[in-house]
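Trainee: Take a look at this one; I'll ask things after.
The values are calculated or read from the model by the stated rules, or taken from the named source; none is laboratory data. Here the structure is a predicted model, which is why all the values come from computation and not from measurement. In this analysis, Cβ positions are derived from the backbone assuming ideal geometry, glycine residues included, and neighbour counts consider all displayed protein chains. Calculation scope for accessible area: heavy atoms of the full protein, side chains included, ligands and nucleic acids excluded. Shrake-Rupley method; radii C 1.70, N 1.55, O 1.52, S 1.80 Å.
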Amino acid sequence: MSAPTPPVSALDRYFGLSRLGSTVPRELRAGLTTFLSMSYILFVNPQVLSSAIKVPNASLQLLMTTAIAAAFGSLIMGLVARYPFAQAPGMGLNAFFAYTVVQGLGVPWQTALGAVFISGVLFVLLSVVGARQAIVQAIPRSLKFAITAGIGAFLAFLGLKNAGIVVGNPATLLALGNLTLPPVWLALVGLVLTAVLMTRRITGAILWGILLVTLLGIALRLPLYAGGADGALQAFPGFGGQFLGIFGTPVWPGNLVGQLDLGGALGLGLLSVVFTFFFVDFFDATGTLTGLSQRAGFLDERGNMPRARRLFAMDGLAAMFGAFMGTSTTTAYVESASGIGEGGRTGLTAVTVGVLFLLSMFLWPLAGAIPSAATAPALILVGALMMDSVRHIDWDDLSDSVPAFLTIIAMPLTFSIANGVSLGVISFCAIKLLSGRGKQVSPILYGIGVLLLARYIWLSEG
C-alpha cells in the first residue's frame, strides 16, 4: 500500500486535502455545486418566515439574515469540525415556526426565536457530553445504510418535485407532471445531459450540468422564473441590482438581530414548542449528518464518525446563532450530497459555501439566475448515487430489512428525514425484541425507541 501524499501547504495540512485524496480546485468546485443546489433557501426562507415575522422591508432583511446564518453555520462546520457539510435555515422547521407556532398558536415571533435558541443550547450540551455520538453509535449498520439511501430517495423526490416532474394529485396523492411545460422538459434535458457527463467522467459534471441548463433556459427565453403576470412564470428578467446589474446593496437586518425572547420561551406553556424544535431537528440533523458521512466515506468499520462531538456541537451552535440573527433553526443540509458527489471531502468545501453565502449578500440578484429546473437534475442524480448503499443491507434478514425499508420509504413519502429515522428505529427495536433477538439491540436504542413512540402518541393525542 502506497504512503499517503505529504501535505504541500498549510491549507493542505489543516484540511487534510492530500490525506483524503482531494485538491483545492475540487473542493472549491464542490462548494460551488453545494451552494447552487441549496441557494434556493435565500428566497424560500424569507417567503415562509415573512408570513409570521412582520418588520419593515421583511423580505430583504430575512434574505440577509438567512445568508448570514448559512454563512456562519457552514464556516464553523468547515473550519472547526472540518467536514464538507453546509448549513442553513432548514426547510420544514421554518414552516413549523411560521405556520404552526406563530400563526397557529399565536406565539410572538420573538418568543419562537427564543425557543429555537434554547433547542440549540440543548444540542450543544448533548454533543459536548457525547450523548449524540452515543446515539449514533447505537444505531445499527443496516439502519445507517438505510438512512443514506432514504436521504437519496428524499433528494431525488425533492428534485422531481422542484422540476414539476412529480406533482400533487387529490385522487392519487402524486402524479406525473405536464411534460410539455418548459421547466419540466428542461429539467429532463438537464437530467440526461448531466448523467451523460457523469458517465463520461467529465470533471465537474454536476456543476457543468447546472450551468449549461441555466444558460440554455436564458438563451431560449423560457419561462422559468417567478414574478410574471398573475403569478405566472416568466423568462429571465435580467439583473435588477444597483451596480452593473448583478450587484445589490446589502441591508443589515437590524429589526431581527437579537430580538429573541428567552424568558417567554422558557414559560411552561411553550415547553412543548421547545421540545418539538429540539426533537425534530435532532433526528433530522443526526440522520442527515450520518447519511452524508456514510456517503463521503467518513464512517469507520464500526460505523462511527471521527470528531463526532465537534461535528454535532457545530450543528447546535449554528442553530443558536441563527436564532440570534432572527431566523428559524439552522441545520445541516442534505443538498451537501451534491458537493460530495463532486468530490468534496474536507472542510474547505463547507468554507467555500460559507464564503459564497456571504458574497450572496452583495450578489443576490445573480443567485436568482439559477432556476430550480437547473438544480433539480443534480438532486435527482445525487439521490441515485446515494441509493448505492442499499446493497450493504442484509435483505434476507427481515428483522434488518423491514426497518431499513421503512426508513427509506418514509423519508420521501412523509417529506421528513426525522420521520424516516424514527420509524426505522421503532420498528427495528420492536421486531428484534418480539422475534427473540432483543439482545442484538443497544439499551440506548431501546430508550430512544420508547421516546420516539411516546412522541408520536403525544402528537396524535394533541
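Trainee: Scan the stretch 453-462 residue by residue and report those that are at pLDDT 85 or above and surrounded by 13 or more Cβ atoms within 10 Å (Cβ to Cβ). Please lay out each step first, then the result.
Mentor: Taking the stretch 453-462 and keeping what is at pLDDT 85 or above, we get 453-454.
Across the stretch 453-462, the qualifying residue is only Leu453.
Trainee: Can you tell me which residue within the stretch 273-298, out of those that are of a type in the set (Val, Ile, Thr), crowded, with 22+ Cβ neighbours inside 10 Å and modelled with pLDDT under 80, is farthest from Ile340 (Cα to Cα)? Reasoning before the result, please.
Mentor: Step one: filter the stretch 273-298 for residues of a type in the set (Val, Ile, Thr), giving 273-274, 276, 280, 286, 288, 290.
From what is left, the residues that are crowded, with 22+ Cβ neighbours inside 10 Å are 273, 280, 286, 288, 290.
Restricting the remaining residues to those that are modelled with pLDDT under 80 gives 273, 280.
Values: Val273: 34, Val280: 25 Å.
Within the stretch 273-298, the match that is farthest from Ile340 (Cα to Cα) is Val273.
Trainee: Something else about it: Any idea which of (1) in contact with a helix residue (DSSP H, G or I) (Cβ under 6 Å, 6 or more places away or on another chain); (2) charged (D, E, K, R); (3) assigned to a loop (DSSP other than H, G, I, E, B) is the one Asp284 doesn't satisfy?
Mentor: Here Asp284 clears every test but (3).
Trainee: Identify the single condition in (1) in contact (Cβ under 8 Å) with a residue 12 or more places away in the chain; (2) in a helix (DSSP H, G or I); (3) surrounded by fewer than 20 Cβ atoms within 10 Å (Cβ to Cβ) that Thr349 does not satisfy, given that it satisfies every other one.
Mentor: (3)
Trainee: Now for a different question. Applying the selection to the stretch 28-42, what residues are under 16 Å from Val334 (Cα atoms), open to solvent by 10 Å² or more (accessible area, probe 1.4 Å) and touching a Leu at 6+ places or on another chain (Cβ under 8 Å)?
Mentor: Correct list: Leu32, Phe35, Leu36.
Conditions tested, residue by residue: (1) among the small types (Gly, Ala, Ser); (2) farther than 21 Å from Gln234 by Cα; (3) buried (at least 18 other Cβ atoms within 10 Å of the Cβ).
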{"residue": "Ile139", "(1), (2), (3)": "no, yes, yes"}
{"residue": "Ala149", "(1), (2), (3)": "yes, yes, yes"}
{"residue": "Ala156", "(1), (2), (3)": "yes, yes, yes"}
{"residue": "Asn162", "(1), (2), (3)": "no, no, yes"}
{"residue": "Thr172", "(1), (2), (3)": "no, yes, no"}
{"residue": "Ala175", "(1), (2), (3)": "yes, yes, no"}
{"residue": "Leu179", "(1), (2), (3)": "no, no, no"}
{"residue": "Pro183", "(1), (2), (3)": "no, no, yes"}
{"residue": "Ala187", "(1), (2), (3)": "yes, no, yes"}
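Trainee: Determine which member of the set Val421, Val425, Val450, Val441 is in contact with a Ser or Thr (Cβ under 8 Å, 6 or more places away or on another chain) and either polar (S, T, N, Q) or closer than 20 Å to Ala131 by Cα (or both). It would help to see each step written out before you state the result.
Mentor: On the way: Val425 fails: in contact with a Ser or Thr (Cβ under 8 Å, 6 or more places away or on another chain); Val450 fails: in contact with a Ser or Thr (Cβ under 8 Å, 6 or more places away or on another chain); Val441 fails: in contact with a Ser or Thr (Cβ under 8 Å, 6 or more places away or on another chain).
Val421 is the lone residue from the list that is in contact with a Ser or Thr (Cβ under 8 Å, 6 or more places away or on another chain) and either polar (S, T, N, Q) or closer than 20 Å to Ala131 by Cα (or both).
Trainee: So in the stretch 300-336, with the set limited to residues that are hydrophobic (A, V, I, L, M, F, W, C) and closer than 27 Å to Ser9 by Cα, which one is modelled with the lowest pLDDT? Walk me through it before giving the result.
Mentor: Step one: list which residues in the stretch 300-336 are hydrophobic (A, V, I, L, M, F, W, C), which gives 305, 308, 311-314, 317-321, 323-325, 332, 334.
In the following step, the residues that additionally are closer than 27 Å to Ser9 by Cα were identified as 305, 308, 311, 314.
Details: Met305: 80, Ala308: 84, Leu311: 90, Met314: 93.
Ranking the qualifying residues of the stretch 300-336, first place goes to Met305.
Trainee: Right, something else. Say we look at the stretch 305-341 and pick out the residues that are part of a loop (DSSP other than H, G, I, E, B) and open to solvent by 20 Å² or more (accessible area, probe 1.4 Å); which of these is farthest from Ala149 (Cα to Cα)?
Mentor: Keep residues of the stretch 305-341 that are part of a loop (DSSP other than H, G, I, E, B), which gives 305-307, 326-329, 333-335.
Adding the requirement that they be open to solvent by 20 Å² or more (accessible area, probe 1.4 Å) leaves 306-307.
On the way: Pro306: 21, Arg307: 23 Å.
Applying the filter and picking the extreme gives Arg307.
Trainee: Another one. Filter the stretch 236-248 down to the residues that are touching a helix residue (DSSP H, G or I) at 6+ places or on another chain (Cβ under 8 Å) and part of a loop (DSSP other than H, G, I, E, B), then identify the one that is modelled with the lowest pLDDT. Give the steps one after another, and end with the answer.
Mentor: Within the stretch 236-248, the subset touching a helix residue (DSSP H, G or I) at 6+ places or on another chain (Cβ under 8 Å) is 236, 239-241, 245-248.
In the following step, the residues that additionally are part of a loop (DSSP other than H, G, I, E, B) were identified as 236, 239-241, 245-246, 248.
Working: Phe236: 86, Phe239: 70, Gly240: 57, Gly241: 45, Gly245: 62, Ile246: 71, Gly248: 80.
Ranking the candidates gives Gly241 first.
Trainee: Quick one: which of Phe275, Phe312, Phe324 is touching a Leu at 6+ places or on another chain (Cβ under 8 Å) and over 22 Å from Pro140 (Cα atoms)?
Mentor: On the way: Phe275 fails: touching a Leu at 6+ places or on another chain (Cβ under 8 Å); Phe312 fails: over 22 Å from Pro140 (Cα atoms).
Just a single option satisfies the conditions, and that option is Phe324.
Trainee: If you don't mind, there's one more thing I want to ask. May I ask you to list the residues in the stretch 43-56 that are open to solvent by 10 Å² or more (accessible area, probe 1.4 Å) and within 15 Å of the chain's Cα centre (by Cα)?
Mentor: Val44
Trainee: On the given criteria, is Thr276 polar (S, T, N, Q), part of a helix (DSSP H, G or I) and within 30 Å of Lys54 (Cα to Cα)?
Mentor: Criteria met by Thr276.
Trainee: If you don't mind, another one. On the given criteria, is Asp388 within 30 Å of Ala205 (Cβ to Cβ), among the acidic types (Asp, Glu) and in a helix (DSSP H, G or I)? Steps first, please.
Mentor: Numbers: within 30 Å of Ala205 (Cβ to Cβ): yes; among the acidic types (Asp, Glu): yes; in a helix (DSSP H, G or I): yes.
It is true that Asp388 is within 30 Å of Ala205 (Cβ to Cβ), among the acidic types (Asp, Glu) and in a helix (DSSP H, G or I).
Trainee: Sort out which residues of the stretch 51-70 are under 21 Å from Pro108 (Cα atoms) and touching a Phe, Trp or Tyr at 6+ places or on another chain (Cβ under 6 Å), and write them in order of number.
Mentor: Within the stretch 51-70, Ala52, Ile53 meet the criteria.
Trainee: Please list, ordered by first then second residue, the pairs with beta carbon atoms under 9 Å, 6 or more apart or interchain, first in the stretch 122-136 and under 14 Å from Phe278 (Cα atoms), second of a type in the set (S, T, N, Q).
Mentor: Ser127/Gln133; Arg132/Thr286
Trainee: Taking the stretch 36-47, which residues are assigned to a helix (DSSP H, G or I), closer than 18 Å to Gly227 by Cβ and either free of Cβ contacts under 8 Å to residues at least 60 places away in the same chain or of a type in the set (Ser, Thr, Tyr) (or both)?
Mentor: Val44, Pro46, Gln47
Trainee: Take Ser59 and tell me if it is in a loop (DSSP other than H, G, I, E, B), open to solvent by 10 Å² or more (accessible area, probe 1.4 Å) and without any contact (Cβ under 8 Å) to a residue 60 or more places away in the chain.
Mentor: Working: in a loop (DSSP other than H, G, I, E, B): no; open to solvent by 10 Å² or more (accessible area, probe 1.4 Å): yes; without any contact (Cβ under 8 Å) to a residue 60 or more places away in the chain: yes.
So Ser59 fails the test.
Trainee: Scan (1) of a type in the set (Val, Ile, Thr); (2) in contact with an Asp or Glu (Cβ under 6 Å, 6 or more places away or on another chain); (3) in a loop (DSSP other than H, G, I, E, B) for the single condition Thr33 breaks and write down its number.
Mentor: Of the numbered conditions (1) of a type in the set (Val, Ile, Thr); (2) in contact with an Asp or Glu (Cβ under 6 Å, 6 or more places away or on another chain); (3) in a loop (DSSP other than H, G, I, E, B), the odd one out for Thr33 is (3).
Trainee: If I go through the stretch 365-394 residue by residue, how many of them are closer than 24 Å to Met64 by Cα, of a type outside the set (Gly, Ala, Ser) and either within 17 Å of the chain's Cα centre (by Cα) or surrounded by fewer than 22 Cβ atoms within 10 Å (Cβ to Cβ) (or both)?
Mentor: 4
Trainee: Which one of these is surrounded by fewer than 16 Cβ atoms within 10 Å (Cβ to Cβ) and at pLDDT below 90: Ala265, Ala232, Ala219, Ala205? It would help to see each step written out before you state the result.
Mentor: Details: Ala265 fails: surrounded by fewer than 16 Cβ atoms within 10 Å (Cβ to Cβ); Ala219 fails: at pLDDT below 90; Ala205 fails: surrounded by fewer than 16 Cβ atoms within 10 Å (Cβ to Cβ).
It is Ala232.
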